Amino acid sequence: MRVISIPCPHCQNRVRAAKSRTMSSMMKEITYQCQNVECGHTFVATLEVSRTVSMSAMPNPEVRIPISSRAFLAAKNQLTLDLATV
Ligand SMILES: [Zn+2]
């Protein structure tokens, strides 16, 4: 599995996720530690769901996620196809 992170904002070195805290089903805070011993920076970053690219087949009615323009066009085209076959 690929791990997504950002480099240390001060020295651009690799960082390690030290801990994470779930804020909601849409957001998580992650504490990172820079692996450069001469830097030692520790910081918190936010991981947030920002938009839907492909629609879920199991949508949760309580979840509201903006739809990307590409996903919107794909859903619109599928609806047009569905209506054309009725
Ligand atoms: Zn650093």
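Relative contact order for the chain: 18 percent, from Cα pairs under 8 Å spaced at least 6 residues apart, divided by residue count. Projecting the Cα atoms of Pro9, Ser69, Met27 onto the charge dipole of the chain, computed from C-beta unit charges around the Cα centre, puts Pro9 farthest toward the positive end.
Placing unit charges on the Cβ atoms only, positive for Lys and Arg and negative for Asp and Glu, gives the chain a dipole magnitude near 120 debye about its Cα centre.
Label separation (Leu47 vs Met26): 1.8 nm, computed from points 7 Å beyond Cα along the C-beta direction.
Read-outs: derived from the displayed coordinates by stated rules, not from any lab. Treat the numbers as computed from the prediction; the structure is a model and nothing was measured. Cβ: placed from backbone, ideal geometry, glycine included. Neighbour counts: every protein chain shown.
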